Structure formats: structure tokens, C-alpha cells
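Working notes for the structure below.
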Amino acid sequence: GERYLTEQLDSIAMQTRPPDELVIVDDHSSDNTPELLRDYARTSPLSIHIHENKTNLGYKANFLKALGLGTGDLLFLADQDDVWAPEKVAVFACVFARNPKAAVVYSDSHLVDSGGRCLGSTLWQSLRFCTQEQARLQSASGFELCFRRGNLFCGCSMALTRRFRDTAL
């Protein structure tokens with residue numbers, strides 16, 4: 001993942017509303033990721049907390065560990081190759097502020113190649129997640145739709161409240 005990390009970290013550091021903290025859990029990388037992270041943290045304006053696993057936990061357990069370490073009211077997930085739009089944190093925070101009962105906020109995401117070039121479609125387009133189904137998520141049957149359709153929401157395109165995290169964990 002080291003190949004993508006600097007671009008990803010820069011995209012987080014350049015948010016119009018920077019995150020309060022950045023919790024990074026390295027899942028026992030075999031490349032230069034730990035050194036790159038430490039170097040980045042030394043010069044970054046962000047409050048970065050790096051945790052290095054002694055053994056590989058796998059992506060699910062690693063994400064759960066990272067979620068558990070977050071102390072903010074809103075928690076965002078990212079994998080090493082995700083690049084954030086400049087206003088991601090601000091837009092999501094605004095949605096949560098307008099909807100105080102919301103536990104999770106999600107969005108579509110652009111699909112890109114390994115060079116960061118847009119492939120001309122979004123995740124939801126590739127999954128054929130139409131506007132009628134998107135609207136249905138706002139209804140009482142929306143939760144059922146998530147189970148019937150499968151994974152429509154990637155961690156990289158959602159944020160959750162700490163309150164929801166505590167309940168879910």
C-alpha cells in the first residue's frame with residue numbers, strides 16, 4: 001500500500017475541514033509503510049496516531065481495531081489507496097448536523113485506476129444501484145434493501161457516529 005499512501009494522506013490533510021485526529025492502524029506491513037507513516041506524521045499538521053500490529057489481523061479485524069481507537073464524534077474509514085475529495089469531511093459533518101439522529105452517512109464514490117484516473121463511472125453505477133433504490137433507502141424498507149442488494153456502501157464512502165460505533169462493536 002505504500003505506493004498510494006502519500007496521495008491519500010495529502011488528500012486528508014488538505015480537507016477544507018480537517019479531521020480532529022487521524023488514527024492509522026498498520027496491519028503488519030511488509031513494505032516501507034511504517035517508515036513512510038512515521039515520516040509523514042513528523043511533518044503533518046494533522047494529529048496522527050499510528051498503531052502497528054505485531055501480527056497481521058486481516059482487514060476486518062484491523063478496521064474494527066481502528067474504529068475502536070477513534071475518539072472523535074464522527075468516524076471515517078479509509079483504506080491505503082483511497083483519495084478524499086477536498087470537502088468530504090465538511091459535507092459529511094454538515095449532513096450529520098442537519099440530521100442529529102443519523103448514525104451513518106454514506107455516499108457514492110468515483111472509480112479510478114491505479115494511476116488515479118477516473119474510469120468514468122461510480123461505484124453505484126457499476127452495481128446498477130438506481131435512483132429509485134437510492135430513494136427507497138429513505139423509507140422503512142430501506143434497511144431490508146441493504147441486505148437484499150449486498151454491499152452497496154464501502155467504508156471509504158461512509159462515516160459513522162461514535163455512538164453507533166459503540167453500539168455496533
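The values are calculated or read from the model by the stated rules, or taken from the named source; none is laboratory data. Worth saying up front: this structure is predicted, and the values here are computed from it rather than measured. Cβ atoms come from the backbone with ideal geometry, glycine included; neighbour counts cover every protein chain shown. Accessible surface is based on the protein model in full, side chains and every heavy atom, while ligands, DNA and RNA are left aside. Shrake-Rupley method; radii C 1.70, N 1.55, O 1.52, S 1.80 Å.
Structure above, values below:
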{"item": "When the chain is reduced to its Cα atoms, the Kirkwood hydrodynamic radius in Å", "result": "17.3"}
{"item": "Area projected by the alpha carbon convex hull of the stretch 73-119, averaged over all directions, nm²", "result": "3.9"}
{"item": "Choice from 22, 123, 74 showing the highest fluctuation, given a GNM over the chain with Cα pairs closer than 10 Å", "result": "123"}
{"item": "Calculated [θ] (222 nm, deg cm²/dmol) that DSSP helices of n ≥ 4 give over the chain, each run adding -39,500 (n - 2.57)", "result": "-11500 deg cm²/dmol"}
{"item": "Gyration tensor over alpha-carbon atoms, the stretch 3-42, equivalent ellipsoid semi-axes in Å", "result": "20, 11, 9"}
{"item": "Contact order relative to length of the stretch 58-169, as percent, for alpha carbon pairs under 8 angstrom and 6 or more apart", "result": "42"}
{"item": "Nearest-0.05 FRET efficiency for residue 97 and residue 130, computed from C-beta distance (R0 22 Å)", "result": "0.15"}
{"item": "Rg/Rg_globular for the stretch 106-169, with Rg_globular taken as 2.2 N^0.38 Å and Rg from C-alpha atoms", "result": "1.29"}
{"item": "Amide H within-cut-off set for residue 25, under 5 Å, with H built and near neighbours excluded", "result": "51"}
{"item": "Ratio Rg/Rh [Cα only; Rh per Kirkwood] for the stretch 62-162", "result": "0.96"}
{"item": "Residue 105 accessible area, 1.4 Å probe, all protein chains in place, Å² to nearest 10", "result": "20"}
{"item": "Inter-centroid distance (Cα atoms) of the stretch 1-58 relative to the stretch 124-169, Å", "result": "27"}
